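Colleague: Take this structure first; my questions come after.
Throughout, read-outs are computed from the coordinates displayed, never taken from laboratory work. Model, not experiment: these values are computed from the prediction. Here the Cβ positions follow ideal geometry from the backbone for every residue, glycine too, while neighbour counts run over all protein chains shown.
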Amino acid sequence: MEKVIVLLGPTAVGKSALGVELAKALNGEIISADSTQIYRGLNIGTAKSTAEEMQGIPHHLIDIKNFDEGYNAFMFTEDARKKIDEIISRGKTPIIVGGTNLYVTALVKGFAFEKAGKNDVPYQSKFPLDFKLFALNIQSREKLYARINARVDVMIKNGFFEEVRALQAKGLTAEMQAGKSIGYREFLAHIAGEMTFDEAVDKIKQHSRNFAKRQLTWLRSLTDLVWLDAENPWQQNLEKIKSCLK
């Protein structure tokens, strides 16, 4: 069976950076499993990797939708399985990186979905797949929350609010799927006069921490998962992953 690496973990833990190192070491390509990074223009607030951070590693299922379009787990499963087949056909290793629980569950567990009024089966891969699940985490909840708060501060310094204001001017609303994303919905509420700027920032940090908590709760419910320590050198995590692939 063809092995597919799935790298999970709470927000702000360092999945994207480790994913790139894995891809470099294992001749891989990355498939994003993030329900917000699919949208063009939502860059700073979704923590999209820059071209420099990608280090030449192909990244798939990023910037595939306009902010006024919808997307769901069925669509992700179809798109991801097609990309997995393409990557394997090139002789490379597919590496799923992301934090959207529903997307990952749908892909790995092979859920049946309702489409066009009837049950439909997502795209069946050409290859039998063996999903290997890994979760990157920081043992101290306080350290994780501090990292989340710090990342929000950096996003704001890098122009996150200006990004939201520009998107709002182009038509982004809080009713759209993209506009409901953490950070975008709070700043849209601020623009609408529903809260102050500082209140919006505090809400972004709070909601991001709550999201991380939900992610960890879900991860701990998985039985076929190997935990990695984000405070270990990435080489140590790489060796642990490689040992699990044998």
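Colleague: Rounded to two decimals, what is the ratio between the C-alpha radius of gyration of the chain and 2.2 N^0.38 Å?
Modeller: Working: Rg = 18.1 Å, N = 246, 2.2 N^0.38 = 17.8 Å.
Scaled against compact globular proteins, the figure is 1.01.
Colleague: Next question, about the same structure. Counting Lys and Arg as +1 and Asp and Glu as -1, what is the net charge of the other residues whose Cβ lies under 14 Å from the Cβ of Arg40? The partial results should precede the final answer.
Modeller: Working: positive: Lys48, Lys65, Lys170; negative: Asp34, Asp63, Asp68, Glu69, Glu163.
Result for the neighbourhood of Arg40: -2.
Colleague: Please order His190, His60, His207 by the number of other Cβ within 10 Å, starting at the fewest.
Modeller: Working: His190 21, His60 18, His207 15.
With the sparsest Cβ surroundings first, the list reads His207, His60, His190.
Colleague: With contacts defined as alpha carbon pairs under 8 Å and 6 or more residues apart, what's the relative contact order of region 89-242 in percent? Don't skip to the end; give the middle numbers.
Modeller: Values: 88 pairs, mean separation 43.7, N = 154.
Worked out over region 89-242, it gives 28 percent.
Colleague: Turning to a different aspect of this structure: To the nearest 500 deg cm²/dmol, what mean residue ellipticity at 222 nm is calculated for the chain from DSSP H runs of n ≥ 4 alone, each contributing -39,500 (n - 2.57), summed and divided by the residues? Present the calculation step by step, with values, prior to reporting the outcome.
Modeller: Details: 9 runs with 112 residues, N = 246.
Dividing the helical sum by the residues of the chain leaves -14500 deg cm²/dmol.
Colleague: Which pairs break 25 Å Cα to Cα here: Lys15/Lys246; Lys3/Lys65; Lys205/Lys242; Lys82/Lys109?
Modeller: Numbers: Lys15/Lys246 22 Å; Lys3/Lys65 28 Å; Lys205/Lys242 35 Å; Lys82/Lys109 16 Å.
Too far apart for the 25 Å limit: Lys3/Lys65; Lys205/Lys242.
Colleague: Mind checking region 118-215 for trypsin sites (Lys or Arg not before Pro) that DSSP puts in a loop (not H, G, I, E or B) and that have at most 12 other Cβ atoms within 10 Å? Please list the in-between numbers first.
Modeller: Numbers: sites: Lys118, Lys126, Lys132, Arg141, Lys143, Arg147, Arg151, Lys157, Arg165, Lys170, Lys180, Arg185, Lys203, Lys205, Arg209, Lys213, Arg214; in loops: Lys126, Lys170.
Listed in order of number, the matching sites are Lys170.
Colleague: If you don't mind, another one. Would you work out which of Ala169, Gly159, Thr77 lies farthest towards the positive end of the dipole of region 77-212, given +1 charges on the beta-carbon of Lys and Arg and -1 on that of Asp and Glu, about the Cα centre?
Modeller: Highest projection toward the positive end goes to Thr77.
Colleague: I would also like to ask the following. Whole number please: convex hull volume per residue, Cα atoms of region 141-212, in Å³.
Modeller: Details: hull volume 5.6 nm³, N = 72.
So the per-residue hull volume is 78 Å³.
Colleague: While we're here: Give the residues of region 7-43 whose amide nitrogen is closer than 14 Å to a point set 7 Å from the Cα of Lys180 in the direction of its Cβ.
Modeller: 35-36
Colleague: So what's the projected area for region 199-246, the Cα convex hull averaged over all directions, in nm²?
Modeller: Details: hull surface 18.0 nm².
Directional mean of the projected Cα hull area for region 199-246 stands at 4.5 nm².
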